[in-house]
Each structure stands twice: as structure tokens, then as C-alpha cells.
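First the structure, in the form of C-alpha cells, and then the observations on it.
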Amino acid sequence: MLTVTQLARKYDISRTTLLYYERAGLLRPRQRSENGYRWYGEEEIKRLEAIIAYRSFGVPIRNIASLLNREDDLSQERLLRDQFTALEKEIQTLRQQQKAIVILLEQPDLLEQTMVNKERWVEIMQAAGFSEDDMKNWHQQFEKMEPDAHQEFLESLKIDNDEIADIRAWSKQ
């Protein structure tokens with residue numbers, strides 16, 4: 001069992017964040033000691049790991065409870081699809097902003113230099129806390145939910161066709 005402080009240190013998050021998750025109804029301590037300390041067991045730790053994962057995907061706090069409680073597989077899929085769509089829109093908006101800046105700077109080659117390539121994307125995913133298995137799962141879900149968009153995304157990373165075929169093949173497993 002871990003206290004709030006121990007749990008925060010273990011996952012490199014603040015005590016305030018943990019207490020916020022409690023106020024939001026996402027994470028409850030297993031028990032409270034007589035002196036008021038909150039204690040978290042394995043079940044709560046796994047729940048926190050799921051919260052952290054969903055937050056790393058950008059899922060809003062208000063949507064995480066239903067994902068954690070798995071109240072309805074359809075609503076879970078809908079929420080994740082909605083989040084995926086929101087991220088896609090955000091990426092498109094950012095790309096449009098990049099293009100506008102390039103036009104203003106009159107330097108079209110700048111756009112090619114700043115596009116994310118495979119190596120940079122892997123760095124971003126690792127910095128967000130994704131392991132190799134997490135990244136593989138991400139590709140599998142992307143392939144399952146939006147195969148055409150997955151293909152386009154892989155092409156946008158300047159990955160050669162043979163490697164794209166390999167990624168998509170193991171994503172379908």
C-alpha cells in the first residue's frame with residue numbers, strides 16, 4: 001500500500017493531481033488511517049495507471065470515468081473515436097497554421113523541414129511515456145478504427161512502402 005506522496009513520486013505526478021483525481025471521482029483511496037492518511041492498493045494503482053494513460057491520449061477528465069468503469073463498450077469506443085477525431089482536427093489546424101506561416105515567410109522549403117518524420121514521432125511517443133508495446137497497441141487501434149487514415153499517417157512520416165506494409169500487417173494481428 002502507498003500513501004498519496006509515495007504514489008505521486010512513483011508516477012512522477014503531483015500530490016495535487018492525485019487529490020484532484022479523487023475530487024473528480026476517478027481515484028479513491030483503499031482506506032484512510034486514523035491520522036487521515038490515504039492508502040492506495042494494487043487496484044487503485046492500476047486504476048491510476050489507466051488514468052495516466054488516458055490523459056496521455058488527451059482524453060478529458062470528464063470522459064475518463066466512463067472509460068475506467070467500462071459502463072458500455074459502445075460508449076467507450078465512441079469516446080475514444082471522438083478523442084481521435086478531436087486530435088485529428090487539432091493536427092489539421094496546426095498544419096494549416098504552419099502553412100500560413102510558411103506563406104507569410106515565403107519559404108516553402110520550411111514546411112518540409114518541420115514536418116514530423118518517423119524518428120521524431122517515436123521520440124514524441126516515448127516522451128509521452130509510451131513503451132514499444134504501447135506504440136504497437138496504438139498502431140493496432142488506429143489500423144482497426146481508421147485503416148485509410150492510418151495509411152495516410154504512416155506515409156506522412158516519410159516511411160517507405162515496405163515498412164508501411166510491415167507495420168500494417170502486424171497491426172492487423
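The values are calculated or read from the model by the stated rules, or taken from the named source; none is laboratory data. Since the model is a prediction, treat every value here as computed from it, not as a measurement. Cβ sites come from the backbone with ideal geometry, for glycine too, and all protein chains shown count toward neighbours. Quick note on the areas: whole protein, heavy atoms, side chains included, nothing else; ligands and nucleic acids left out. Shrake-Rupley method; radii C 1.70, N 1.55, O 1.52, S 1.80 Å.
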Item to complete: Search the stretch 4-21 for residues being assigned to a helix (DSSP H, G or I) and either touching a strand residue (DSSP E or B) at 6+ places or on another chain (Cβ under 8 Å) or aliphatic (A, V, I, L, M) (or both), and hand back the single one that is surrounded by the fewest Cβ atoms within 10 Å (Cβ to Cβ).
Response: Lys10
Discussion item. Take Glu88 and tell me if it is surrounded by 12 or more Cβ atoms within 10 Å (Cβ to Cβ), in a helix (DSSP H, G or I) and at pLDDT 85 or above.
Written reply: no
Worksheet entry | Scope the stretch 29-56; condition touching a residue at least 12 places away in the same chain (Cβ under 8 Å), assigned to a loop (DSSP other than H, G, I, E, B) and either surrounded by fewer than 14 Cβ atoms within 10 Å (Cβ to Cβ) or of a type in the set (Ser, Thr, Tyr) (or both); matching residues | Tyr37, Gly41
Discussion item. Quick check on the stretch 147-158. Is at least one of its residues out of contact with any His (no Cβ under 9 Å at 6 or more places or on another chain), surrounded by 14 or more Cβ atoms within 10 Å (Cβ to Cβ) and at pLDDT below 75?
Written reply: no
Worksheet item: Among all residue pairs at least 6 apart or on different chains, which show Cβ distances below 8 Å where the first residue, located in the stretch 135-156, is basic (Lys, Arg) and the second is open to solvent by less than 80 Å² (accessible area, probe 1.4 Å) and part of a helix (DSSP H, G or I)?
Response: Lys136/Trp170; Lys136/Ser171; Lys144/Ser171
Item to complete: Would you please name the residue that is nearest to the chain's Cα centre (by Cα), looking only at residues in the stretch 57-76 that are part of a helix (DSSP H, G or I) and surrounded by fewer than 13 Cβ atoms within 10 Å (Cβ to Cβ)?
Response: Arg62
